[in-house]
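Peer 1: Have a look at this one before I ask anything.
The values are calculated or read from the model by the stated rules, or taken from the named source; none is laboratory data. Predicted model, so just to flag it, every value in this text is computed and none were measured. Cβ atoms come from the backbone with ideal geometry, glycine included; neighbour counts cover every protein chain shown.
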Amino acid sequence: MSYPSVMVRADKAANAIFRHPWIFSGAIARMENGIQHGSLVSVKDPNGRLLGVGTYSSSSSIAVRLLDFQERVIDRAWFARRFQEADARRHLLGYGLDTETDGYRLLFGESDGIPGLIVDRYRDVFVIQIATAGLDHLREEIVAALVKTFKPKAVIERSDMPVRKEEGLEEKTDVLYGDDPGSVTFQSHGFQFLAHVLHGQKTGFFLDQKDLHQRIKRMASGRNILNLFSYSGAAGIVAMQGGANQVHNIDASEQALEWCKEHASLNKMKTNVFSTEQADVFAWLGAHREPEYDMVIVDPPALIKSRKDSEEGKKAYHFLNRAAMRLVKEKGVFITSSCSHYLSEEDFAFILRRASLQAGVQLDVLQVVHQSPDHPLSVYFPEAAYLKSFVCQVRYL
């Protein structure tokens, strides 16, 4: 089967030749008449050589997202192969149903060869996010491929992301297969967690901090810990499992703190050592200045959501980190994360350098931790890198 053709300019063909999956609108020389928003298309160079097949967008600056770099039929069987290949790579990492990590990202968009699609697995419940009109048209094939390949109890859609508006799509949350599973219990490196797949943030849990959780566990013994932007308390649970004396979780969301308590109950932790407080973290930090904690963990939502937010977002990161590191005792541990794609690791380090000097402390970096490997980096798509966490020891100047 051949798809309608989109021809790229000669000077822009190299991106696709070197397997970058995005074709920007400015790279297109011409295209066949009548190609509809969300259609599957063939991408060719000026000599007619096929560069790949992908989905077309008439509303995004990314005009084509390439799904394959050969002539392929994008159907149920094609999706099933991609899912099987991605899951096999997760098994190489030690993830899977018969392991200590049966909750993981099965498919990470461009890094796993399906731009615009996220698939998270929580044991036998799968949660998908669809970001593009092209894949929106292929929803039935995607779900059928998941069902055929994994025989799940349920497939949930959590395409409630603002980015869909750029594609002219409404946000969508639905049970696509099976029944509403409610909260799903799963394991991550042996830790017991709950995913609230229909009502939680993202797909019900943040799966990208697996590696950081391992570091927290190793450093938590005997410490009193402050967990800022705690969400459902996963970092605090890990710290308690690592021998922390107590963890205080702060979040603005009442629902998130209820889930904190669910996690405490699941892991048989007492509320006097695993406490919660509902507060705006920025305001809370403005009212607390004494170094009372042996470890402070800061993991905010993305404070820079687009390039135009960069300057204001950097100011927010600066204030947040300066205030939080002041609460760490001498020789204590300060752990701070940014999931903002638009904040580079270099810029984040510069913010921490300035903030530390203003706070009167020195940060000795023990390690920089990135997104867990089920959110893989790609040599063909460097934009996949987004999460960075600095693990530091604090010394007072």
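Peer 1: Can you tell me which residues in the stretch 173-215 are assigned to a helix (DSSP H, G or I) and under 17 Å from the mean Cα position of the chain (by Cα)?
Peer 2: Leu207, Asp208, Gln209, Lys210, Asp211, Leu212, His213
Peer 1: Would you mind stating whether Leu50 is in contact with a Lys or Arg (Cβ under 7 Å, 6 or more places away or on another chain) and either surrounded by fewer than 19 Cβ atoms within 10 Å (Cβ to Cβ) or of a type in the set (Phe, Trp, Tyr) (or both)?
Peer 2: Yes.
Peer 1: Now, a different point. When you go through Gln367, Gln371, Gln358 one by one, which is the residue that is modelled with pLDDT of 95 or more, assigned by TED's automatic domain parsing to the domain that holds Ala302 and farther than 22 Å from Phe206 by Cα?
Peer 2: None of the other options fit; the residue is Gln358.
Peer 1: Residue pairs, Cβ under 7 Å, 6 or more apart or interchain, first in the stretch 146-161 and in contact (Cβ under 8 Å) with a residue 60 or more places away in the chain, second surrounded by 15 or more Cβ atoms within 10 Å (Cβ to Cβ) and in a loop (DSSP other than H, G, I, E, B). List them.
Peer 2: Here the result reads Leu146/Pro152, each pair linking the stretch 146-161 to a residue that is surrounded by 15 or more Cβ atoms within 10 Å (Cβ to Cβ) and in a loop (DSSP other than H, G, I, E, B).
Peer 1: Do you know which residues across the stretch 161-177 are touching an Asp or Glu at 6+ places or on another chain (Cβ under 9 Å) and not acidic (Asp, Glu)?
Peer 2: Passing the criteria: Met161, Pro162, Arg164, Lys165, Leu169, Lys172, Thr173, Val175, Leu176.
Peer 1: Hey, any hits in the stretch 354-373 for a residue that's in contact with a Leu (Cβ under 7 Å, 6 or more places away or on another chain), under 19 Å from His318 (Cα atoms) and of a type in the set (A, V, I, L, M)?
Peer 2: yes
Peer 1: Report, by residue number, each residue of the stretch 94-109 that is more than 17 Å from Gln201 (Cα to Cα) and either of a type in the set (Ser, Thr, Tyr) or in contact with a Gly (Cβ under 8 Å, 6 or more places away or on another chain) (or both).
Peer 2: Tyr95, Thr99, Glu100, Thr101, Asp102, Gly109
Peer 1: Just checking, how many residues over the stretch 137-156 are over 14 Å from Val184 (Cβ atoms) and part of a loop (DSSP other than H, G, I, E, B)?
Peer 2: 3
Peer 1: Check Gln278 against each of (1) touching a helix residue (DSSP H, G or I) at 6+ places or on another chain (Cβ under 6 Å); (2) buried (at least 22 other Cβ atoms within 10 Å of the Cβ) and name the one condition it does not meet.
Peer 2: For Gln278, the failing item is (2).
Peer 1: Answer yes if at least one residue in the stretch 181-191 is among the aromatic types (Phe, Trp, Tyr) and touching a Gly at 6+ places or on another chain (Cβ under 9 Å), and no otherwise.
Peer 2: Checked the stretch 181-191: at least one residue is among the aromatic types (Phe, Trp, Tyr) and touching a Gly at 6+ places or on another chain (Cβ under 9 Å).
Peer 1: Mind telling me which of the residues Phe350, Phe334 ends up being aromatic (Phe, Trp, Tyr), surrounded by fewer than 17 Cβ atoms within 10 Å (Cβ to Cβ) and assigned by TED's automatic domain parsing to the domain that holds Ile297?
Peer 2: Phe350
Peer 1: So which residues in the stretch 1-31 are in a loop (DSSP other than H, G, I, E, B) and surrounded by 13 or more Cβ atoms within 10 Å (Cβ to Cβ), if there are any at all?
Peer 2: Tyr3, Pro4, Arg9, Arg19, His20, Pro21 - these are the residues of the stretch 1-31 that are in a loop (DSSP other than H, G, I, E, B) and surrounded by 13 or more Cβ atoms within 10 Å (Cβ to Cβ).
Peer 1: What are the pairs, 6+ residues apart or on separate chains, where a residue within the stretch 174-185 that is exposed (fewer than 13 other Cβ atoms within 10 Å of the Cβ) has its Cβ under 7 Å from a residue that is part of a strand (DSSP E or B) and among the β-branched types (Val, Ile, Thr)?
Peer 2: Filtered contacts from the stretch 174-185: no entries.
Peer 1: As an exercise: evaluate Glu170 against (1) of a type in the set (D, E, K, R); (2) under 22 Å from the mean Cα position of the chain (by Cα); (3) more than 24 Å from Glu258 (Cα to Cα); (4) not in a loop (DSSP other than H, G, I, E, B) and give the number of the one condition it does not meet.
Peer 2: Against the list (1) of a type in the set (D, E, K, R); (2) under 22 Å from the mean Cα position of the chain (by Cα); (3) more than 24 Å from Glu258 (Cα to Cα); (4) not in a loop (DSSP other than H, G, I, E, B), Glu170 comes up short only on (4).
Peer 1: Can you tell me which residue is surrounded by the most Cβ atoms within 10 Å (Cβ to Cβ) among those in the stretch 241-261 that are in contact with a strand residue (DSSP E or B) (Cβ under 6 Å, 6 or more places away or on another chain) and in a helix (DSSP H, G or I)?
Peer 2: Cys260
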